[in-house]
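Before any comments, here is the structure.
Coordinate-derived values only; no laboratory data. Source: prediction; values computed, not measured. Don't worry about glycine lacking a Cβ; one is built from the backbone with ideal geometry, like all the others, and counts go over all protein chains shown.
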Amino acid sequence: MTAKAAQQRTTSGESPQVGPEPFTLVVFGASGDLTRRKLLPAIFQLRCRGLLSEKSSIVGYARSDNTDEGFRRQLRDSTRDFLACRDRLADEKSWSDFASRVFYHRGSYDNPSDFASLRQRIEALAAADNVAGNCVYYLATAPAVFLPIVEQLGRAGLARKGRSVPWARIVIEKPFGRDLQSARELNECVGQVFDEGQTFRIDHYLGKETVQNIMVLRFANSIFEHIWSHDYIDHVQITVAESLGVGARGEYYDGAGALRDIVQNHMMHLLSLVAMEPPVALTAEAIRNEKVKVLSALRPIPPQCVPSSVVRGQYTSSVVDGVEVPAYQQTANVAKDSHTETFVALRLYVDNWRWTEVPFYLRTGKCLPRRCTEISIHFKDVPQVLFNRPPIGPLAPNVLAIRVQPDEGISLEFQVKVPGPAMAIKPLNMDFGYADSFESAPPEAYERLLLDAANGDATLFTRSDEIEAAWKFVSPVIEGCSVGSVEGVFEYPAGTWGPTQADELIQADGKTWHFD
């Protein structure tokens, strides 16, 4: 059976996804890059696919001067540039119908009168369409104004805590706190205005199709789940590599670094999905319960132990593909003597029955040779008999690689005999790719996440205790790094796979980094 036929057979009995009730999406930080490049194109796609009610509206909220028409023109230009399915814009009616539901509201983030007028506008839109006035508030702003926005929403009566009609939900972008203490304080403040069921802490990685497929791969295929433990798995690697540098994010990044920007959120999510136990049901709470258990089982890395388990790096200038790439310290809004890490590699353990003494190796960095996010499961060597000894062996172990981006898919590396009279063995890949198998690329992560938030489905969002469990592990690592911040950051040329110390970290355990 072909992949296309299998897909048709799998989906033929499914009912179409039901869209949410009409609602108003209020985007705070409407003039920012995230709104233009990701959020509004995603909403437009959902509208074109018939997954949003025609009576749903978008209100962009920002401090800069603008008008409804001016905002619509800006969005049309950016949507044309960044939308994956650009042919949608060839249909002028689709765009004009969508644009007629887009509005702009100027205001500051701490002025009660601006939020009072926002409430009036939301109510007027609901009255004009004769709908309930449901709202989704999206915080696409700098973290410094998260709390003022939340507080003003509460004071203006827009939070609707404890109410089911009309409902209100808030979507909060990362970073959620800078450490354990600040994350707890933010959770507490948000909890005073919104119920936990109204709060959607977003990490776009969880909206990627391949990330969601991790659970299907594990729990819908008995051949994998029965060997998904320390009995058969030697170690696990998770790589989040970016080929570009910091770019225009210098001011934010220099105050965050790779540990806060990627490890605490993206990588902890991937780790918990790989290591979690089967949930009792496919519900948001059941799945998130298991993720929290994994994060709570992480073996602490005390500050004094950081040098032996964590490697940090910072990229220096280099020539990549004939182009001069400036060093991180030469980036705009980055301190000339900055010791912020742009690369991190670490070894950690999940101390539970399934994963006892199985090392997990995580690495992430800027200005690496290519952009890729991959989870590789490395199985144990076959015994030193038959094939796995000279002259045929040693053989490379089997590896199951889950590619999250950019070429979403899954591959299994296994051994085969080379045709011929001699007993020669070589590894080959059995590969599955989303684009080839389903004849289309997976939808953008923000499309799925925005739709889920509007539907009230929190499965792919982060719960408060999950945030705190991740910070509980990462905060001591950050503390240990700060003690020797100068000596503990190793240089690596842009376009390479990080400092040599990262190779030494994994080679000390008799292993090497996996490359696709």
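Side notes on the structure shown:
- Degrees, to the nearest 10: 146-155 long Cα axis against longest axis of the chain: 40
- Extension gain for VAL385-GLU285 works out to 31.3 nm (0.36 nm per residue, less the C-alpha to C-alpha distance).
- Between ALA127 and ALA332, the modelled labels are 4.5 nm apart [label points 7 Å from Cα along Cα→Cβ].
- ³J(HN,Hα) computed for each position of the range 272-278 - Karplus, 6.51 cos²θ - 1.76 cosθ + 1.60, integer Hz, glycine/proline x: 5, 5, 5, 9, 5, 7, x
- Between 0 and 90°, nearest 10: helix 180-193 axis offset from the chain longest Cα axis: 30
- Here's how it looks for ASP351: its modeled amide H is under 5 Å from those of LEU298, ARG299, which are all 5 or more places away or on a different chain.
- Extension reserve of the LEU147-GLN501 stretch, reckoned as 0.36 nm per residue once the Cα distance is removed: 123.5 nm
- About its Cα centre, the chain has a charge dipole of approximately 640 debye under the convention of +1 per Lys or Arg Cβ and -1 per Asp or Glu Cβ, with nothing else charged.
- Of all DSSP bridge pairs formed entirely within the chain, close to 55 percent run antiparallel.
- Estimated FRET transfer efficiency (ILE223, SER113; beta-carbon r; R0 45 Å; 0.05): 0.15
- FRET efficiency for the pair ASN352 and SER318, taken as 1/(1 + (r/R0)^6) with r the Cβ-Cβ distance and R0 = 56 Å, rounds to 0.85.
- Distances between placed amide hydrogens fall under 5 Å for CYS135 paired with THR24, TRP167, ALA168, ARG169, all partners being 5 or more residues away or on another chain.
- Couplings 3J(HN,Hα) for the range 195-207, derived from phi with the Karplus relation 6.51 cos²θ - 1.76 cosθ + 1.60 (θ = phi - 60°), are 5, 4, x, 8, 9, 10, 8, 9, 9, 4, 4, 6, x Hz, where x marks Gly and Pro.
- Over the residues of the chain, the helix contribution to mean residue ellipticity at 222 nm works out to -10000 deg cm²/dmol, using -39500 (n - 2.57) for each DSSP H run of at least 4.
- Note, ³J(HN,Hα) from phi for the range 443-453, Karplus 6.51, -1.76, 1.60, rounded to Hz, x at Gly and Pro: x, 4, 4, 5, 4, 5, 5, 5, 5, 5, 4
- Approximate spin-label separation SER64-ASP457, in nm, with each point projected 7 Å along Cα-to-Cβ: 3.4
- Amide H to amide H distances under 5 Å link ILE425 with VAL418, where only residues 5 or more positions off or on other chains count and H is placed in the peptide plane.
- Inter-part distance, the range 99-147 to the range 260-322, computed on C-alpha centroids, equals 35 Å.
- Rounded, prolate or oblate (a/c below 1.5 giving rounded, otherwise prolate when a/b exceeds b/c) for the range 80-221 by Cα gyration tensor: oblate
- For the range 137-198, the square roots of the Cα gyration tensor eigenvalues, ordered a ≥ b ≥ c, give a/c of at least 1.5 with a/b greater than b/c, which places it in the prolate category.
- Residue order, fewest to most beta carbons within 10 Å, for TYR104, TYR232, TYR138: TYR232, TYR104, TYR138
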